[in-house]
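*Asks:* My structure is below; once you've seen it, I'll send some questions.
The values are calculated or read from the model by the stated rules, or taken from the named source; none is laboratory data. Remember, it's a predicted structure, so these values are computed and weren't measured experimentally. Here the Cβ positions follow ideal geometry from the backbone for every residue, glycine too, while neighbour counts run over all protein chains shown.
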């Protein structure tokens, strides 16, 4: 039986990863991390999403666990996502920066290490996370292809239990990710991307900006609401057909 662990944040990319896992593995175990992030509404979104899909021994998703990393915000408080005294940057202000204030220090390595331990204890061979092509070019070094290779090199030192970290979206643009997610049946209306963590997305932070750009390139209307006006018709975007 093929089994995997999915790091599921409740965001658009991790939702596509979840559906990818459901399609390709017999059993899926989800981990959602509470690191006292500004956008902690994503935790609620993640729980609601898996609940709607079904969680239990007789379901594809056998377990969904929220991991308490609330201490992390105190240790890694140089990020706008973990420190409320730092404003979430707007995309227009961070273009060209090597690493902007939305980056959480060493977050992915920490989460992947925990996920690998969990995978070993559940006899899973694979950990999936939602690194995407945009991470490779936006300063998030722990979402790059090089990082993926190196963390797998490290995990390969395990003499008995071989755990492989996979990032199925790491070579895909946002446009390609959305199209793949629609093909898999992902419901993007139930996802949260905005770093500000409000029910109505700001539309100006780096996460919102890359999401909007992806939908525009896909010629589709994002089903979530934004605080700014977006003239989807101007870009020739159409509603997602169910």
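*Asks:* Test each condition in (1) at pLDDT 95 or above; (2) over 18 Å from the mean Cα position of the chain (by Cα); (3) surrounded by fewer than 20 Cβ atoms within 10 Å (Cβ to Cβ) for residue 94 and report the one that comes out false.
*Replies:* (1)
*Asks:* Just to verify a result, which residue in the stretch 9-27, among those that are within 16 Å of the chain's Cα centre (by Cα) and not in a helix (DSSP H, G or I), is nearest to residue 206 (Cα to Cα)?
*Replies:* 11
*Asks:* Name the residues in the stretch 161-181 that are surrounded by 18 or more Cβ atoms within 10 Å (Cβ to Cβ) and more than 18 Å from residue 133 (Cβ to Cβ), would you?
*Replies:* 163
*Asks:* If a residue has to be under 13 Å from the mean Cα position of the chain (by Cα) and at pLDDT 95 or above to count, how many in the stretch 32-64 make the cut?
*Replies:* 6
*Asks:* Just give me the residues in the stretch 191-227 being under 14 Å from residue 178 (Cβ atoms), part of a loop (DSSP other than H, G, I, E, B) and in contact (Cβ under 8 Å) with a residue 24 or more places away in the chain, in sequence order.
*Replies:* The answer is 191, 193, 222, 223, 224.
*Asks:* Looking at (1) surrounded by fewer than 18 Cβ atoms within 10 Å (Cβ to Cβ); (2) without any contact (Cβ under 8 Å) to a residue 40 or more places away in the chain; (3) part of a helix (DSSP H, G or I), find the lone condition where residue 230 falls short.
*Replies:* Unmet condition: (3).
*Asks:* Quick one: in the stretch 112-154, of everything that is out of contact with any helix residue (DSSP H, G or I) (no Cβ under 9 Å at 6 or more places or on another chain) and in contact (Cβ under 8 Å) with a residue 40 or more places away in the chain, which residue is nearest to residue 211 (Cα to Cα)?
*Replies:* Filtering first and then ranking leaves 115.
*Asks:* Here is a follow-up. When you check residue 102 against the structure, is it modelled with pLDDT of 95 or more, under 18 Å from the mean Cα position of the chain (by Cα) and closer than 23 Å to residue 32 by Cβ, yes or no?
*Replies:* no
*Asks:* Show the residue pairs that are 6+ apart or on different chains and have beta-carbon atoms under 9 Å apart, the first residue being within the stretch 36-53 and at positive phi and assigned to a loop (DSSP other than H, G, I, E, B), the second being buried (at least 17 other Cβ atoms within 10 Å of the Cβ) and modelled with pLDDT of 95 or more.
*Replies:* So the pair list comes out as 36/69.
*Asks:* For residue 182, only one of the following conditions fails: (1) within 22 Å of residue 32 (Cα to Cα); (2) assigned to a helix (DSSP H, G or I); (3) touching a residue at least 40 places away in the same chain (Cβ under 8 Å). What is its number?
*Replies:* In the conditions (1) within 22 Å of residue 32 (Cα to Cα); (2) assigned to a helix (DSSP H, G or I); (3) touching a residue at least 40 places away in the same chain (Cβ under 8 Å), residue 182 misses (1) alone.
*Asks:* Name the residue that is farthest from the chain's Cα centre (by Cα), counting only residues in the stretch 105-137 that are assigned to a loop (DSSP other than H, G, I, E, B) and buried (at least 22 other Cβ atoms within 10 Å of the Cβ).
*Replies:* The selected residue is 124.
*Asks:* Kindly evaluate residue 158 against the criterion of being more than 15 Å from residue 103 (Cα to Cα) and part of a helix (DSSP H, G or I).
*Replies:* no
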